[in-house]
1. Could you tell me whether any residue of region 72-80 is modelled with pLDDT of 60 or more and at positive phi?
2. Of (1) over 24 Å from A83 (Cα atoms); (2) modelled with pLDDT of 95 or more, E53 satisfies all except one. Which?
3. Could you check, for region 27-49, whether at least one of its residues is surrounded by fewer than 12 Cβ atoms within 10 Å (Cβ to Cβ), part of a helix (DSSP H, G or I) and of a type in the set (A, V, I, L, M, F, W, C)?
Amino acid sequence: MTETAYYQEEPTEHARPQVQVHDSLPPPDTKRWVTRRKAQVVSAVENGSISLEHACERYSLSVEEFLSWQQAIEEHGLRGLRATRVQQYRANRPALSH
């Protein structure tokens, strides 16, 4: 993979170039969301490498879908991101009381 970097057009003598590295992110056209790719996106948002809004736009995700990945990691670790695990965890969730 090549590193993608964006620089200011005319840096002043005191300004450093702004660099945004997207090497650790899956490609924008990702269709198959394996555990590793979901974790990469969640990690990038959590560490500020990419905003939640940009991540959702880049990957055509809803905020709810991203938040479900984040919650799965918080509650069950990386194993919670597996599609079969998500189904099992949802099936075992207690009913919400109104």
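1. Pass one, region 72-80, residues modelled with pLDDT of 60 or more: 72-80.
Cutting the leftovers down to at positive phi gives us 77.
Yes - at least one qualifying residue is present in region 72-80.
2. Unmet condition: (1).
3. Looking through region 27-49, none of the residues is surrounded by fewer than 12 Cβ atoms within 10 Å (Cβ to Cβ), part of a helix (DSSP H, G or I) and of a type in the set (A, V, I, L, M, F, W, C).
The values are calculated or read from the model by the stated rules, or taken from the named source; none is laboratory data. What you see is a predicted model, and the numbers here were worked out from it, not measured in a lab. Quick reminder, even Gly has a Cβ in these numbers, built from the backbone with ideal geometry, and neighbours come from all protein chains shown.
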